[in-house]
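Asker: Let me begin by handing over the structure; questions about it come next.
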Amino acid sequence: MPVIRNASFVATCPDDSVQANVGLVEHGTVVWEGDSILWVGPEASLPSEYHSLEQIDVRGAGVIPGLIDCHTHLAFGGWREGEFEQRILGVSYLEIAQRGGGILSTVEKTRIASEESLLALCRDRLREMNQLGVTTVECKSGYGLDRETELKILRVYKKAQQLEPTNIISTYLGAHTVPQEFRHDRKSYIQLVLELAEQIASETLASFCDIFIEESAFTVIEAREILTHALQQGLQVKVHSDQLSNLGGTQMAAELGALSADHLEQISQQGIDALKRSGTVAVSLPLASLYTFQPPLDARKLIQCEVPVAVATDFNPGSAPSSHLPLALLLACTLNRMTPAEALKGATIYAARALGIASERGSIEPGKKADICVLTTPNVEHWLYNFGEARCQLTIVNGSVAFSRM
Ligand code: NIG
Ligand code: FE
């Protein structure tokens, strides 16, 4: 049973509707047993029965819940740095896709990658994220777009969960775009997406079904059909909506009870109102706005309208080729106008809500899983303001040390 000593603060990140409230405990401490948190509060009030426990002296560092990256496309073959250069020179993300680049070029490389090689890549990527304090990662399929490869990707996530400490939540994204071989027969592809959703749900290979609603991907009508079917199979739903254009996908997702709507750079007031009514979490992906030269989401407006805003990396080889969640949080501050406290809640308890796991993870409270990150910073604001490398000293997942530089 370990106890943290000499922390400058513990930000507990309670699950309330005030995004700026990180539940700060100055000179706080945390006690856990096995994988569960037993006690949190000021070190001066630590009950005497905990005084003789195994002590972890963090020497003035701060303590936050383990970070949750609630939107990644973790498994993919190859990279697309050529497109990065083309975008810098003025070619748009959509034009690149129309020229045969974009998602479909990664699909080609992912189809030929072996299951073993994808697993090795995912394990390296998860370890790297773990060193930044990330303890839970949502992982999407969507670079297979055929039965064999979509299942291969989801099996890779299942194996990675057995081999790595990080908590993984898997999402089926067969509706990422229409693959080349079906480009003249969308209906048949949608039929395949529906069949696969059934198989994936019955084999519990994913918890969520996601869809990319965009002119280059799927319409709102198609999305409604696919997501309704997924819900009937017992999958929860989320969407990529309002990224490059506003098609009304966010309202449809809210109506279906989606746990999150992600991207949202082009969200309308109707979209914001719909999210507020349904309690759907808005997920900001500022790395994607940065890399695609898109005007960023105005998260300030959403927060003022009492919509919870999570922040994630969107890690993928095209629009967001970085898995650095703290960097995404810095960008959430500077591009989306979230305060550091709001950004922290966005990558902890609100990210947990976006994944339907807020009763188990995302905050430091008795009864929750002991997912904890120790950071060398005097306070939450300073962490994202004086942005630097190697801030994370210790990552605890399910009560065990997953990474330490202490
Ligand atoms: O979330 N928006 C759609 N899908 C990904 C990008 C995928 C890619 O470019 O390969 C995203 O940004
Ligand atoms: Fe994405």
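Asker: Among the strands (runs of 3 or more DSSP E) contained in segment 53-136, which hold 2 or more residues that are under 20 Å from the mean Cα position of the chain (by Cα) and of a type in the set (Val, Ile, Thr)?
Answerer: Once the strands (runs of 3 or more DSSP E) in segment 53-136 are filtered for at least 2 residues that are under 20 Å from the mean Cα position of the chain (by Cα) and of a type in the set (Val, Ile, Thr), what remains is 67-72.
Asker: Filter segment 59-91 for residues that are more than 13 Å from ligand 1 (Cβ to nearest atom), open to solvent by less than 40 Å² (accessible area, probe 1.4 Å) and among the hydrophobic types (A, V, I, L, M, F, W, C); which is farthest from ALA310 (Cα to Cα)?
Answerer: VAL91
Asker: Looking at ARG111, ARG99, which one is modelled with pLDDT under 95, in the same structural domain as GLU306 (by TED's automatic domain parsing) and open to solvent by 60 Å² or more (accessible area, probe 1.4 Å)?
Answerer: Sole residue among the options that is modelled with pLDDT under 95, in the same structural domain as GLU306 (by TED's automatic domain parsing) and open to solvent by 60 Å² or more (accessible area, probe 1.4 Å): ARG99.
Asker: For segment 117-133, what are the residues that are over 21 Å from LEU145 (Cβ atoms) and of a type outside the set (Lys, Arg)?
Answerer: ALA120, ASP124, LEU126, GLU128, MET129, ASN130, GLN131, LEU132, GLY133, listed by residue number.
Asker: Scan segment 1-50 residue by residue and report those that are closer than 16 Å to CYS373 by Cα, free of Cβ contacts under 8 Å to residues at least 40 places away in the same chain and among the β-branched types (Val, Ile, Thr).
Answerer: Across segment 1-50, the qualifying residues are VAL25, THR29, VAL31.
Asker: Hey, can you tell me all the residues within segment 207-237 that are within 15 Å of ligand 2 (Cβ to nearest atom), open to solvent by less than 40 Å² (accessible area, probe 1.4 Å) and out of contact with any Cys (no Cβ under 8 Å at 6 or more places or on another chain)?
Answerer: Correct list: PHE208, CYS209, ASP210, ILE211, PHE212, ILE213, GLU214, ALA217, PHE218, ALA223.
The values are calculated or read from the model by the stated rules, or taken from the named source; none is laboratory data. Small disclaimer: the values here were computed from a predicted structure and weren't measured. Cβ: placed from backbone, ideal geometry, glycine included. Neighbour counts: every protein chain shown. For accessibility, only protein heavy atoms count, side chains too; no ligands or nucleic acids. Shrake-Rupley method; radii C 1.70, N 1.55, O 1.52, S 1.80 Å.
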